[in-house]
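Just below is one structure, and these are the notes that go with it.
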Amino acid sequence: VKSRKPHRAAPPLSSATVGEMPVMLDVPLDGNISVEPRMAGPAGHQLVFTFDRPVNSVGTITALTPDSQPAGALSHVIQGNVVIVTLTNLIAEQFRATVAIQGINGVDSAAVTIGFLPGDVNASGRVTAADLIGLKGKINSGQLITSGSNFLFDINLDGVIGNTDVTAVKARSERMIP
């Protein structure tokens, strides 16, 4: 899970669930958003869109910031009813973007607005003491190996929840998604 960091979206068009992290679909760029609290891995950030039928083709895929600027470089792979969109070369570490797929099988579309803010494990839109307390709680309870229930606390994606994650959260204290 380190390199994929999947977010699942299931158009047409309800909220998504991910064994990993829920992502709300079709949310306005200035509305409540899902927050990715982990750093970009070597492969960047991957959003996994899961559809209710096979995907044969997609048209345009975009990732835009609130001021309609590209959020980074995009690539995609179609695997049956799944479209994996990879976002690399991000413009910043704290921002929001809408990733949209147009022309799914020539007719459908799907979009997800997501915030990128390493350290914001409680998805408040700001890195605060509450994030640090939550992270230290995982460490103190012995939940040191990344698993399905605590993976969001592995800020640096090394597979272990530990002091390097604490350092990463402390370094980002009070940063927020604009």
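Data table
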quantity	calculated
With DNA, RNA and ligands ignored, accessible area of Lys138 (1.4 Å probe; Å², nearest 10)	40
Rounded Å value of the spacing that divides the Cα centres of segment 46-90 and segment 103-178	21
Solvent-accessible surface ranking, highest first, for Asp52, Asp158 at 1.4 angstrom	Asp52, Asp158
FRET efficiency, Ala129 to Thr164 (Cβ-Cβ, R0 25 Å, nearest 0.05)	0.85
Positive-end extreme of charge dipole, segment 28-166 - chosen from Gly137, Val83, Thr60 (charges on Cβ)	Gly137
Calculated FRET value between Asp67 and Ala171, using beta carbons and R₀ = 30 Å, to 0.05	0.70
Relative contact order computed over segment 27-178 (Cα-Cα under 8 Å; 6+ residues apart), in percent	26
Amide H contacts under 5 Å for Val35, placed H, 5+ residues apart	Gly115
Gain on full stretching of the segment that runs from Glu93 to Gln79 - 0.36 nm per residue minus C-alpha separation	2.2 nm
Estimated inter-spin distance, Ser109 and Asp52, nm [label 7 Å along Cα→Cβ]	2.0
Kirkwood Rh, angstrom, segment 38-154 [1 / mean 1/r, Cα pairs]	15.8
Under Karplus coefficients 6.51, -1.76 and 1.60, residue-wise ³J(HN,Hα) of segment 119-134 in Hz, glycine/proline x	x, 8, 6, 9, 6, 7, x, 8, 8, 10, 4, 4, 5, 5, 5, x
Cα-based convex hull volume of segment 84-139 per residue, rounded to whole Å³	116
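The values are calculated or read from the model by the stated rules, or taken from the named source; none is laboratory data. In this text the structure is predicted, and so the values were computed from the model without any measurement. As a convention, Cβ positions derive from the backbone with ideal geometry for all residues, glycine included, and neighbour counts pool all protein chains shown. Side chains are part of the model used for accessible areas, which takes the heavy atoms of the whole protein and leaves out ligands, DNA and RNA. Shrake-Rupley method; radii C 1.70, N 1.55, O 1.52, S 1.80 Å.
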